[in-house]
Each structure stands twice: as structure tokens, then as C-alpha cells.
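S.K.: Right, I'll just put the structure down here and ask away after.
Only the coordinates and a few stated rules stand behind these numbers; no lab work does. For clarity, every value in this text was computed on a predicted model and none was experimentally measured. Glycine gets a Cβ as well: all are built from the backbone with ideal geometry, and neighbour counts include every protein chain shown.
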Amino acid sequence: EPEVTQTPSHQVTQMGQEVILRCVPISNHLYFYWYRQILGQKVEFLVSFYNNEISEKSEIFDDQFSVERPDGSNFTLKIRSTKLEDSAMYFCASGAGNSNEKLFFGSGTQLSVL
Amino acid sequence: AQSVTQLGSHVSVSEGALVLLRCNYSSSVPPYLFWYVQYPNQGLQLLLKYTSAATLVKGINGFEAEFKKSETSFHLTKPSAHMRDAAEYFCAVSEPGGYQKVTFGTGTKLQVIP
């Protein structure tokens, strides 16, 4: 089965630093997503991306966050100035677009902000 | 807005016993419903989905779930638990006709006791 790949698997950063989380979605998928899971809490939707623009974002996705598909294969999540509360597991997902089909999730990047 | 509620953040069963993980949904339209599983240090993997066809849905690893509109439920069951079933299970909902954004429940951690 095709896979969504995320790098790095773990990222440790200092508060206030910028981080970029990288994802390679499945090649023929058109919709891309970022979700996050704070330890002990539920998986929360951050943002969806289609046709090179954000199609929907949650309240969590404030001005500190941005997404980009720089080269047609990678899909990145940037956090400009990390806060302690940004520590979480970040999941990338991709899908073909039909809501009755499953999303393919990557194995996540564990972000620790110190 | 759609949502799912999972009753019980932790469930413990003995190996060989019935597994029952509860999920109730709230939706203004008949939803699509999913169960995802997260094994330790791994990403989210689809177990099964309901997309308005048969109300009893069979998934991977011997799991199944039944969509009950009258009870707004989509409980996950497995007749006989195995040690490898120990994981966190997430119920999720998406809107038919929309794109693939899913909304997750808070998750249920399943412990299997030998």
C-alpha cells in the first residue's frame, strides 16, 4: 500500500525558534492535511490544502502557522515562533478527495518545544 | 457541525474476551464514519469505514462495527481480543459530499491482559 512519509520523526527545538515539518504525500492525491495530537488529547484538525491553497483551517492554525507545497511532491508545515504549547505529534495526511474514502496518514513528527 | 463521542478513555479486556469500544456521533446529515487505530509509535491506520452501504461493516484484524441510526452509534467490536490489539482506537466522522476532512473522537486506549 502507498505511504505518506514524514520527516523528521522527532524534532526538538527551543521556544521562539522556527520549525519546518516535512511530508511527502501519496503522489496522485490532491488533498493534503495536517493534524496534531497533544499528549493525552484527541487528534485535532489543523489545516487542509487543495489546488495550492488552504481550503480550510481550524482556530488552532493562527498566523504562526503556514503550509506550503514547494515542489509538487513535498508538503510542509512551518511554525514561525514555537511556543511550549506547540509540543505535540503532528500528522500529515493525504487523500484523493472523496469523503467516503480513507485518509492516508504518515507516522507523525513528535515536536518537543523546550 | 459533526462530532463523535467515545465513551471510556481506557478499556481493559482479557486475551480472548470480547472487545467493545463505544462511539456515538452527532451529525445533521447521515455521516460517514470511520475507526482508525494507532499502534505505539506509529501513525493512524484505517480499520474500517461506514459510507451508507451495509450497516454492519467488517474491517481488518477481525474488527467490525455496526451503524445504528436509531442510537446514533457506531461501536467497534471484536469477538476475541489478541495481545496485538493493544493500541489506541479513534472513531472519526466526515460529511458525505464534502472533501475528506475527518473529525476525531478523543480515543480509547485498549489494554489486553494476558
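S.K.: Take A:Arg36 and decide whether it is assigned to a strand (DSSP E or B), of a type in the set (Lys, Arg) and buried (at least 20 other Cβ atoms within 10 Å of the Cβ).
M.R.: Details: assigned to a strand (DSSP E or B): yes; of a type in the set (Lys, Arg): yes; buried (at least 20 other Cβ atoms within 10 Å of the Cβ): yes.
Against the criterion (assigned to a strand (DSSP E or B), of a type in the set (Lys, Arg) and buried (at least 20 other Cβ atoms within 10 Å of the Cβ)), A:Arg36 qualifies.
S.K.: Does any residue of region A:89-103 turn out to be farther than 29 Å from B:Ala87 by Cβ and more than 8 Å from every other protein chain (Cβ to nearest Cβ)?
M.R.: No, that holds for no residue.
S.K.: Next question, about the same structure. Tell me yes or no: at least one residue of region A:64-71 is within 14 Å of another protein chain (Cβ to nearest Cβ), touching a strand residue (DSSP E or B) at 6+ places or on another chain (Cβ under 7 Å) and within 16 Å of A:Ser87 (Cα to Cα).
M.R.: Within region A:64-71 (the criterion being within 14 Å of another protein chain (Cβ to nearest Cβ), touching a strand residue (DSSP E or B) at 6+ places or on another chain (Cβ under 7 Å) and within 16 Å of A:Ser87 (Cα to Cα)), the answer is no, since none of the residues qualifies.
S.K.: Pairs, please: C-beta under 9 Å, at least 6 apart or cross-chain, first residue of a type in the set (S, T, N, Q) and in region A:15-44, second buried (at least 18 other Cβ atoms within 10 Å of the Cβ) and in a loop (DSSP other than H, G, I, E, B)?
M.R.: A:Gln17/A:Thr82; A:Gln37/A:Gly108; A:Gln37/B:Gly107; A:Gln41/B:Gly107
S.K.: Which one is farthest from the other protein chains (Cβ to nearest Cβ), of the residues in region A:79-88 that are in contact with a Leu (Cβ under 8 Å, 6 or more places away or on another chain) and among the small types (Gly, Ala, Ser)?
M.R.: Result: A:Ser87.
S.K.: Give me the residue from region A:6-29 that is over 11 Å from the mean Cα position of the chain (by Cα) and surrounded by 15 or more Cβ atoms within 10 Å (Cβ to Cβ) and, out of that set, farthest from B:Lys101 (Cα to Cα).
M.R.: Among them, the one singled out is A:Thr13.
S.K.: Still on this structure, I have one more. Inside region A:43-86, can you point out the residues that are more than 18 Å from A:Ser27 (Cβ to Cβ), of a type in the set (Ser, Thr, Tyr) and surrounded by fewer than 19 Cβ atoms within 10 Å (Cβ to Cβ)?
M.R.: Result: A:Ser55, A:Ser58, A:Ser66, A:Ser81.
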